[in-house]
Amino acid sequence: MAFIDARTLPEATEIEADLILIGGGLASISIAKQWAGAGKTVAILESGGRERDMEIQALYAGAGTMRAPGNPDRNIDSYLVQSRARWYGGSGNVWGGKCGPLDPADFVRRDWLDRTGWPVTRAQMNPYYDRACDLMQIPRFTRDWDNDPDAARPPLNINSDFFSSPRVFTALSGEVDSAKFDAFRNDFVEASDNIRVYLHANVTNIALRRGDRVQGLEVRCLNGRRHTARGRNYVLATGGIENVRLLLASGGIGNHSDLLGRCFQGHVTFGVYENAEGLNTMLCVSDGQNMSLYADSGRANVHCVIATSLDGQRRFGTGNFTTTIFNSSDPPRPEDAAVLALAGALDANGSGARRHPCFFMSEQFPHLESRLTLLPEHTDALGMPRLYLDWVYSERDLDNLERSIAALGDALGAQGKGRVRFPVPREQLLSILNMSRHHMGTTRMSTDAARGVVDENCRVHGIRNLYVAGCSVFPTSGIVNPTLTIIALAMRLSDHLKRDMGVRT
Amino acid sequence: MNPSKRDVLLALAALTTSAALPATAQTAAPDLSGGRAIGQAYLSANPTTDLVALRNDLLPNGFDANAAPRLRARAAADFRAARVFIFKGWRLSETEARLFALLT
């Protein structure tokens, strides 16, 4: 009986396991897969069932505002529900499957930016990224597409300030191939004798003993049943928002430095397509350039975005920035045609130019005021306080976007490789951006307890047996979709726990 | 030899249509309306611009064999120095914007 409906258990059942994973998303599943047959018992406590259920999904409801200087505030109440998936498999049920590692620069302490630097380098992460790729059944990210190019898909090679950052799609997504994802999330559980998944089991409180060790968990079901769960080690893996909610609701576990819930960072795209004035975000590229490495490569091929290198970030005083490029067959408007024509005539090969719709992404920096807080007067059906998300962009964030676009445009123009168009005034940035479902930074990782919620092993500072998995531990957010890094960190955490619990890897 | 306005128009028409448009389109009269709109925007932002001086500066010998390489180098230098003109979001070199101004 590998899957158990907690609603059907006798009242006050005590769930016991050596390792308890709170939340049944990709982080927990990735860890649990490493423990199949490991000789220790593992329990996954999942709030939802195996399918979407709107009553359960409503437990996510909260309130939110997105703010940026000079822009009207944007209500994002619905984002709290729509950007998450509260059933077994978590966001793995709904994601598009895009995978990529964070860039090496993302891990580096960048002196010109506050609160940057991870306690782990990209080189140290590479073995875990490799394992994450294997788990996701995608090729490993070992190729340098600029310096070891594919002759049929040549890189743009603008200059050393920019590079081609690769992405690839996995089919292991409920959105892409539900049967395959079902097998991924279920089969290992069915086949193992040491892993149990408790469905409809909502953890509503983490109880401590003597302030430095988890004693147990309170588990509640929507049908009123209450249980407890006890283990040797606990991993909180309910997502970048819900991790904070449970820690705050449990008395502020991990909030020793007042950083719990702060430094919320998201991923957003900045792009317009035939806006009210008929304008598009666009790249004009000299016609001699084959853009198949970047544009419309299909799900089967690696594709690249144009990213700012560490050297470029240092020179421009910016953070990470990418341009994602598409193809277009629409006829250009007269003004666009004029730009394409003149740029194409002037650029190095003088053989014309093509336009490519695109969108830009720029790294949001960690700010203390961008944060999650509890709304104690508003509770859900389980009595849990709801959350308020105050998602704040600073002047520096907006500068980062505009300065990066300008730097890309100047570099393309100076090299005779193209032009850039971004027809959005600063005061409209908030209204045109599209939000991704990535919630990072709210339980940030640091070796220094004064600067983080979890340590370099993702253990909550000051709590011996409580760990956090997921992108809430990211100190900085980079730009690439976080799932592969979540899985890589889960592999790393799994190894750490095995060493701690005497399990041979 | 200073170019006439007609010379410049022909040169820009050649410059902006020869490479960018399919061969079938090149036999038709070029649509310069888009370039003129950019040029008008440049002149609005730089109302003291002297078009004759501009023409002599950008194309001192008309559209001769050296014109394209020289303009290419100037545009590249503009981008390196961030001398740009923004038109509806397009980040253009000042040289490009001034060339469009000659179409007005």
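The values are calculated or read from the model by the stated rules, or taken from the named source; none is laboratory data. Quick caveat: nothing in here was measured; it's all calculated off a predicted structure. Reconstructed Cβ throughout: ideal geometry from the backbone, glycine too, with neighbour counts over all protein chains shown.
Have a look at A:Phe359, A:Phe326, A:Phe321, A:Phe365 and point out the one that is within 14 Å of another protein chain (Cβ to nearest Cβ) and either hydrophobic (A, V, I, L, M, F, W, C) or in contact with a strand residue (DSSP E or B) (Cβ under 9 Å, 6 or more places away or on another chain) (or both).
None of the other options fit; the residue is A:Phe359.
Here are some residues: A:Gly409, A:Gly478, A:Gly416. Which one is modelled with pLDDT under 95 and touching a helix residue (DSSP H, G or I) at 6+ places or on another chain (Cβ under 8 Å)?
Exactly one residue qualifies, and that residue is A:Gly416.
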With respect to A:Val453, is the statement that it is farther than 30 Å from B:Arg83 by Cα, away from every other protein chain (no Cβ under 14 Å) and out of contact with any His (no Cβ under 7 Å at 6 or more places or on another chain) true? no
Where A:Asp144 falls short, out of the listed (1) of a type in the set (Asp, Glu); (2) free of Cβ contacts under 8 Å to residues at least 12 places away in the same chain; (3) under 23 Å from A:Tyr393 (Cα atoms): (3)
Return the residues of region A:422-437 that are in a strand (DSSP E or B) and more than 26 Å from A:Asp410 (Cα to Cα); say none if nothing qualifies. A:Met435, A:Ser436, A:Arg437
Strands (runs of 3 or more DSSP E) contained entirely in region A:201-278, each with at least 2 residues that are within 25 Å of the chain's Cα centre (by Cα) and within 30 Å of A:Pro482 (Cα to Cα): A:202-209, A:233-236, A:265-269
Quickly run through region A:128-164 and pick out the residues that are crowded, with 19+ Cβ neighbours inside 10 Å, in contact with an Asp or Glu (Cβ under 6 Å, 6 or more places away or on another chain) and among the small types (Gly, Ala, Ser). A:Ser164
Of the residues in region B:31-48, those that are within 14 Å of another protein chain (Cβ to nearest Cβ) and part of a helix (DSSP H, G or I) number 10
Under the condition of being of a type in the set (D, E, K, R) and under 16 Å from A:Ala295 (Cα atoms), which residue from region A:350-382 is nearest to the chain's Cα centre (by Cα)? A:Arg355
Filtering region A:399-435 down to residues that are under 23 Å from the mean Cα position of the chain (by Cα), more than 11 Å from A:Phe270 (Cα to Cα) and away from every other protein chain (no Cβ under 14 Å), which residue is surrounded by the fewest Cβ atoms within 10 Å (Cβ to Cβ)? A:Asp399
Under 7 Å by Cβ, and 6 or more places apart or on different chains, what pairs join a residue from region A:389-408 that is farther than 21 Å from B:Ala82 by Cα with one that is small (Gly, Ala, Ser)? A:Leu389/A:Gly62; A:Leu389/A:Gly64; A:Asp390/A:Ser370; A:Trp391/A:Gly64; A:Trp391/A:Gly266; A:Trp391/A:Ser370; A:Val392/A:Ser370; A:Tyr393/A:Ala68
Output the residue which, of all residues in region B:70-92 that are at pLDDT below 95 and within 9 Å of chain A (Cβ to nearest Cβ), is farthest from the chain's Cα centre (by Cα). B:Arg72
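Of all strands (runs of 3 or more DSSP E) completely enclosed by region A:299-382, which ones contain at least 2 residues that are surrounded by fewer than 21 Cβ atoms within 10 Å (Cβ to Cβ)?
Where strands (runs of 3 or more DSSP E) fall fully within region A:299-382 and carry at least 2 residues being surrounded by fewer than 21 Cβ atoms within 10 Å (Cβ to Cβ), they are A:353-362, A:371-379.
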Where the second residue is among the polar types (S, T, N, Q) and crowded, with 17+ Cβ neighbours inside 10 Å and the first is on the phi > 0 side of the Ramachandran plot and lies in region A:113-125, which pairs have Cβ atoms under 9 Å and are six or more apart or on separate chains? A:Arg115/A:Thr476; A:Gly117/A:Ser446; A:Gly117/A:Thr476
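On the given criteria, is A:Tyr388 more than 14 Å from every other protein chain (Cβ to nearest Cβ), aromatic (Phe, Trp, Tyr) and either within 28 Å of A:Ser160 (Cα to Cα) or surrounded by fewer than 20 Cβ atoms within 10 Å (Cβ to Cβ) (or both)? Step through it out loud before you land on a result.
Details: more than 14 Å from every other protein chain (Cβ to nearest Cβ): yes; aromatic (Phe, Trp, Tyr): yes; either within 28 Å of A:Ser160 (Cα to Cα) or surrounded by fewer than 20 Cβ atoms within 10 Å (Cβ to Cβ) (or both): yes.
Criteria met by A:Tyr388.
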In region A:62-81, what residues are out of contact with any helix residue (DSSP H, G or I) (no Cβ under 7 Å at 6 or more places or on another chain), touching a residue at least 40 places away in the same chain (Cβ under 8 Å) and of a type in the set (S, T, N, Q)? A:Thr65
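Just name the residue that is farthest from the chain's Cα centre (by Cα) out of those in region A:156-190 that are among the polar types (S, T, N, Q) and assigned to a strand (DSSP E or B). So that I can check it myself, show each step before the final result.
In the first step, residues of region A:156-190 are kept if they are among the polar types (S, T, N, Q); the result is A:157, A:159-160, A:164-165, A:170, A:173, A:178, A:186.
So of that shortlist, the ones also assigned to a strand (DSSP E or B) come out as A:164-165.
Details: A:Ser164: 20, A:Ser165: 16 Å.
By that ranking, first place goes to A:Ser164.
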Residue check for A:Ala36: small (Gly, Ala, Ser), over 27 Å from A:Asn223 (Cβ atoms) and modelled with pLDDT of 95 or more: yes
In region A:7-29, anything buried (at least 24 other Cβ atoms within 10 Å of the Cβ) and farther than 13 Å from A:Tyr88 by Cα is listed as A:Leu19, A:Ile20
